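The values are calculated or read from the model by the stated rules, or taken from the named source; none is laboratory data. It should be emphasised that the depicted structure is a prediction, and the values quoted were computed from it without experimental measurement. Please note: Cβ atoms are built from the backbone with ideal geometry, for glycine as well, and neighbour counts cover all protein chains shown. Just so you know, the surface numbers come from the protein's heavy atoms only, side chains and all, with ligands and any DNA or RNA stripped out. Shrake-Rupley method; radii C 1.70, N 1.55, O 1.52, S 1.80 Å.
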Amino acid sequence: MAIDLPRSARIYVAGHRGLVGAAIVRRLRQEGFGNVLTATREQLDLRDQAAVNYWFRANRPEHVFLVAGTVGGILANSTRPAEFIYDNLMIHATVVHAAHLHGVRRLLYLGSSCIYPRDCPQPIREEYLLTGLLEPTNEPYAIAKVSGIKLCQAYRRQYGCDFISAMPTNLYGPHDNFDLQSSHVLPALMRKFHDARTAGRDEVTIWGTGSPRREFLHVDDLADACLFLMRHYDQDEHVNVGTGEDLSIRELAETLREVVAPGARLVFDSGKPDGTPRKLLDVSRLHALGWRHRIGLREGIESTYEWFRQNHDQQALQTGLHATTA
Ligand code: GFB
């Protein structure tokens with residue numbers, strides 16, 4: 001099945017300054033889409049329904065990638081729960097509602113793999129949603145992300161809106177957040193190894209025990225999957241997006257060490273939380289549709305480190321919260 005997405009379509013990328021939004025904009029421009037619409041946070045507060053309605057009326061988007069939100073790693077999620085639930089609930093609701101009011105043809109909403117129960121069977125199938133309790137360190141964020149799926153489904157059922165949902169695994173790549181207090185593990189460890197190397201230190205601290213397992217997808221692969229789903233998927237159920245492969249945090253740290261700072265010693269800080277023991281997505285629904293990831297983890301880490309080295313000074317000035325990813 002192929003759904004028409006003409007190069008002239010007016011496409012709004014909500015959250016274009018974040019990891020995911022920036023990758024989708026890059027991808028759309030590479031493919032020759034000439035009407036990519038964006039708005040900065042200063043121009044449009046996505047938590048304000050009246051402002052969002054006004055913006056949709058003025059700009060008339062036909063397709064929407066809803067990838068905006070307040071995001072962060074395990075520490076930011078556990079210390080700023082109010083921001084994570086309020087900002088995300090509001091942003092999802094205002095954009096979905098305005099898209100309905102203003103006749104958007106298709107909308108893709110991006111959730112997160114933390115929507116699934118903490119202790120669900122692995123790999124995680126889409127139907128495990130709402131079958132058990134969530135991981136406490138990110139429950140407020142996960143509740144907001146589950147609400148986004150339910151919004152899309154409710155607007156489809158009541159109003160016939162063609163709104164779809166994709167649930168990505170942990171992401172990384174250029175334009176990630178490298179701030180140690182708010183980032184996810186991969187950019188955090190890349191930065192820690194880099195700082196250790198440049199300062200001549202031989203020790204790098206890894207939070208938790210190193211035993212949790214995570215799956216990592218390069219954001220350019222995610223952008224590719226988002227376009228693929230926009231063109232080939234129009235069903236009610238959400239779709240997992242990942243590689244189908246995971247590794248332990250210790251193994252991830254060892255890989256980053258090889259690329260960034262060979263010889264550094266790993267020290268584990270068990271005072272920091274581990275979070276969910278394992279999050280490996282079952283990607284058979286996506287594979288059956290005809291999409292597979294292309295960028296291997298080692299290759300993706302090497303190219304992201306190259307990007308980081310070239311952009312590090314700029315990144316060091318940013319906190320990255322209120323950016324966009326899953
Ligand atoms: O990536 P991360 O912050 O988030 O942490 P989650 C993954 C694992 O890496 C945890 C460990 O076990 C962390 O304890 N870790 C080790 C570190 N060293 C570090 C470090 O220096 N920084 C960080 N951040 N972690 C998030 C959720 O969960 O994943 C969000 O909180 C969202 O809601 C996102 O779903 C994708 O994978 O545990």
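The slack in the chain from SER303 to ASP195, taken as 0.36 nm per residue of separation less the alpha-carbon distance, amounts to 37.1 nm.
Please give the helix 249-260 orientation as an angle from the longest Cα principal axis of the chain, in degrees from 0 to 90, rounded to the nearest 10. It is inclined by approximately 80 degrees. When segment 1-114 is described by a simple charge dipole with +1 on each Lys and Arg Cβ and -1 on each Asp and Glu Cβ, the residue from ALA2, VAL52, VAL20 located farthest towards its positive end is ALA2. On a C-alpha basis, how far is the centre of segment 73-122 from the centre of segment 221-278 in Å? Whole number, if you could? Rounded to whole Å, the Cα centres lie 19 Å apart.
Bridge orientation summary for segment 185-291: considering DSSP beta bridges with both residues in this region, about 20 percent are antiparallel. Relative contact order of the chain, taken over Cα pairs closer than 8 Å and 6 or more residues apart, is 24 percent. Shape class for segment 73-152, computed from the alpha carbon gyration tensor (a ≥ b ≥ c): oblate, with a/c not under 1.5 and a/b at or below b/c.
At a 1.4 Å probe, what is the % contribution of carbon and sulfur to the accessible area of the chain? The computed percentage sits at 48.
Projecting the Cα atoms of ILE149, ILE124, MET190 onto the charge dipole of segment 121-190, computed from C-beta unit charges around the Cα centre, puts ILE149 farthest toward the positive end. With θ taken as phi - 60° and the Karplus curve 6.51 cos²θ - 1.76 cosθ + 1.60 applied, the whole-hertz 3J(HN,Hα) list for segment 269-281 is 9, 6, x, 8, x, 8, x, 4, x, 8, 9, 10, 7 Hz, x standing for glycine and proline.
Could you give the angle, 0 to 90 degrees to the nearest 10, between helix 139-159's Cα long axis and the longest principal axis of the Cα atoms of the chain? Its long axis makes an angle of about 20 degrees. Annotation: lysines with alpha-carbon distance below 26 angstrom to LYS272 (same-chain offsets under eight excluded): LYS145, LYS192. Here the chain carries DSSP beta bridges of which approximately 5% are antiparallel, counting only pairs with both residues inside.
Could you order LEU256, LEU151 by accessible surface area, starting with the largest, using a probe radius of 1.4 Å? Please list the in-between numbers first.
On the way: LEU256 0, LEU151 35 Å².
Largest to smallest exposure gives the sequence LEU151, LEU256.
Near the amide H of VAL241, within less than 5 Å, lie the amide hydrogens of MET167, THR169, all on another chain or at least 5 residues away, with H placed in the peptide plane. Placing a pseudo-label 7 Å from each Cα along the Cα-to-Cβ vector at GLN43 and GLU251 gives an inter-label distance of 4.3 nm. Rounded to the nearest 10 degrees, the inclination of helix 185-199 to the longest alpha-carbon principal axis of the chain is 40 degrees.
Note that the chain presents 41 Å² accessible area per residue, ligands and nucleic acids not counted, probe 1.4 Å. Between LEU289 and THR205, full extension at 0.36 nm per residue minus the direct alpha carbon distance yields a gain of 26.1 nm. Accessible surface for TYR86 stands near 120 Å², nearest 10, in the context of the full protein assembly shown (1.4 Å probe).
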